[in-house]
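The values are calculated or read from the model by the stated rules, or taken from the named source; none is laboratory data. Keep in mind that what you see is a predicted model, and the values were worked out from it rather than measured. Glycine also receives a Cβ, built like all others from the backbone with ideal geometry; neighbour counts cover every protein chain displayed.
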Amino acid sequence: MPTEGNKPTHKGLKKGLYLIPTAFTAANIAMGFLAVLSSVRGFQIIAANPEQAAVYFEYAAKAIALAIIFDTLDGRLARLTRTATEIGVQLDSLADVLTFGIAPVVLIYGWAIGATFSETNSLHAFGVFVLFMYLMCGSFRLARFNLQATRPRVLIEGTPKVDKRNFVGLPIPPAAGLLASIVYLSPLPLSTLSENMSNIYTILIMILVAGLGLLMVSTIRYTSFKTVGTGRRSVYLILVIAALGMLIWLYSRYMLFGIASAYVAHGIVWYVLGFLNPKRKKSSGELSVEN
């Protein structure tokens, strides 16, 4: 009968590896939790101290940005260590609903809609509806992704076909990242502007939120970047990451907004180019198996 000391050490190490992706998922949840608390606190003190409210809104935006990093790393680490599990996939999706669904909704409400429009204003009610639909679209996007990941498209020959290069529909993390980057770019509540400008900017934000929701449930393809760095030119990727890291460190507000905007826009550009040049079109059923 094997004793405790006779157990192979690699089994204990393997079990420990399963905790690494889960730890990053837990960090993702923590960032979403802190983002919600900071947004609520900022909304509470807008009238008394808008400058301090801006600090809280900036905290919330930074938390969402950090959550995107944790969300990216947990999936990559799970694949790298071959410790991906079914419960890990479901936990990651639940974390995304909080961090990239509820947290940006609360942030945008406190920073823009709730700060600008009173509850008696019809635009306030419409803004709440838009935020709710964003949350529903994001939840549907995650549910559809989980279903597609477990049931890849079957070709005529009977072979499951999965395209790891592309997502179908805008993933919810970059959608939340764009909203957070806008707040991070200008964290002062929109109510501090003149009444006309505040109303205009808030309506534009509502249009953007609605557009992001539609992109998430669309069939527009977005690059997944899962195959980036796996080829022979991975050394160039290191240089690009180093350059981007330095630029983000020096010009974080502008770089984060630019990166988020570019990612959201590039899927639309590809979609338009597909109509202009039919030869660029590929089979629309190709799906990604990772979030």
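Candidates in segment 184-197 are the residues that are out of contact with any Pro (no Cβ under 9 Å at 6 or more places or on another chain) and assigned to a helix (DSSP H, G or I); of these, the one that is nearest to A61 (Cα to Cα) is Y184. Going by the conditions given, is V89 on the phi < 0 side of the Ramachandran plot, of a type in the set (A, V, I, L, M, F, W, C), in a helix (DSSP H, G or I) and at pLDDT below 95? Taking the combined requirement at face value, the residue satisfies it. Is it the case that segment 53-71 has a residue that's under 15 Å from the mean Cα position of the chain (by Cα), of a type in the set (D, E) and at pLDDT 70 or above? Looking for residues that are under 15 Å from the mean Cα position of the chain (by Cα), of a type in the set (D, E) and at pLDDT 70 or above, one finds at least one in segment 53-71, hence yes. Applying the set (1) closer than 24 Å to L135 by Cβ; (2) at pLDDT 85 or above; (3) not β-branched (V, I, T) to W270 leaves exactly one unmet item: (1). R221 versus (1) farther than 18 Å from V105 by Cα; (2) surrounded by fewer than 18 Cβ atoms within 10 Å (Cβ to Cβ): which is the lone unmet condition? Condition (2) is where R221 drops out. Flag not set for L239, criterion: at pLDDT below 90 and surrounded by 12 or more Cβ atoms within 10 Å (Cβ to Cβ).
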